[in-house]
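Each reported figure results from applying straightforward, stated rules to the coordinates on display, with no laboratory input. Given the structure is predicted, the values throughout are model-derived calculations rather than measurements. Every residue, glycine as well, gets a Cβ built from its backbone with ideal geometry; the counts of neighbours run over all protein chains shown.
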Amino acid sequence: MRYAICFTPPASDPLSLVAANWLGRNVFSGEMVEPPAVRGLGIHEIAFHTAVPRRYGFHGVLKAPFHLSPDMSEAQLLRDLMRFSGTVPPFRLPRLEIARLGNFYSLQPSAPCEQIQYLASAIVQEFDRFRAPLSEAEIERCDPDGLSAAQFANLHRWGNPYVMEEFRFHMPVTGPVNAVDMPRIEPALRTIFGPVIGELVMVGNVALMIEEGAGGPFRVHSLHPMGKVSARRIA
């Protein structure tokens, strides 16, 4: 079993509902969802291109999946995540946009966001004590020979190459897409997500996600509201 600390909008948020339809699974309930009808794309094609993010559910990772250290408990993790979340004020992301990162597509902020960078870095540092050390097999899966010096150092210090200055917040909506399919996938994503990414997204909670069995799907275990109670009411 693994845990991850992420951001995802509340279950009732329009963005969450659209993402669940596109990915074919609700990250809160774990229930499978019928994919939308998209001109030029068959249901099986959508299922194929969303297979990877469907397993992880709609989210933006803040601390990548980790095994719990043997001397830590889930209760301790929950307690400390609740305490930590109350110390960070809510904020809004810059407008999200469909963006290609390598050969897969994500929703990404259209401008740099210092608050999400700070939040991710703080969580990586604050909760590193909960993370069990990586096994040799896990390190090899990160392809250490293909990493930059900074990414290699991050891998061995924090268990993930893409943290701190190397972090880039994104919410994946496809797995790898080959160049032949990109001209059909990208317009479909703009059609599906266009109506719900015009509004600024409030980052008002931190989600603890849990993997259902080894290699199983992830789901939201709990949402932890950010900021003091009085600040949440104002927001």
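Yes or no: residue 127 more than 30 Å from residue 1 (Cβ to Cβ), aromatic (Phe, Trp, Tyr) and out of contact with any Gly (no Cβ under 7 Å at 6 or more places or on another chain)? So residue 127 fails the test.
Considering only the range 74-86, I want to know if a residue exists there that is touching a Pro at 6+ places or on another chain (Cβ under 9 Å), within 25 Å of residue 225 (Cβ to Cβ) and of a type in the set (S, T, N, Q). For the range 74-86, residues touching a Pro at 6+ places or on another chain (Cβ under 9 Å), within 25 Å of residue 225 (Cβ to Cβ) and of a type in the set (S, T, N, Q): present. Please find, among 141, 131, the residue that is of a type outside the set (S, T, N, Q), out of contact with any Pro (no Cβ under 6 Å at 6 or more places or on another chain) and in contact (Cβ under 8 Å) with a residue 24 or more places away in the chain. Residue meeting the stated conditions: 131.
Could you say which residue among 177, 173 is among the aliphatic types (A, V, I, L, M) and touching a Ser or Thr at 6+ places or on another chain (Cβ under 8 Å)? Result of the check over 177, 173: 173.
Considering only residues of the range 12-42 that are among the small types (Gly, Ala, Ser) and out of contact with any strand residue (DSSP E or B) (no Cβ under 7 Å at 6 or more places or on another chain), which is farthest from residue 175 (Cα to Cα)?
Per the criteria, the residue is 12.
Checking residue 163 against (1) surrounded by 15 or more Cβ atoms within 10 Å (Cβ to Cβ); (2) touching a strand residue (DSSP E or B) at 6+ places or on another chain (Cβ under 7 Å), which single condition isn't satisfied? The one condition residue 163 does not meet is (2). Checking 164, 202, 171 one by one, the residue that is in contact with a helix residue (DSSP H, G or I) (Cβ under 9 Å, 6 or more places away or on another chain) and under 16 Å from residue 19 (Cβ atoms) is 171 and no other. Any residue that is among the aliphatic types (A, V, I, L, M), assigned to a strand (DSSP E or B), touching a Leu at 6+ places or on another chain (Cβ under 9 Å) and more than 19 Å from residue 224 (Cα to Cα) - is there at least one of those in the range 34-44? No; the residues of the range 34-44 include none that is among the aliphatic types (A, V, I, L, M), assigned to a strand (DSSP E or B), touching a Leu at 6+ places or on another chain (Cβ under 9 Å) and more than 19 Å from residue 224 (Cα to Cα). Residues satisfying the criterion are present in the range 1-19 (criterion: basic (Lys, Arg), touching a His at 6+ places or on another chain (Cβ under 9 Å) and more than 29 Å from residue 185 (Cα to Cα)). Close Cβ contacts (under 8 Å, 6 or more residues apart or on different chains) running from residues in the range 156-172 that are on the phi > 0 side of the Ramachandran plot to residues that are aromatic (Phe, Trp, Tyr) comprise 159/66; 164/158.
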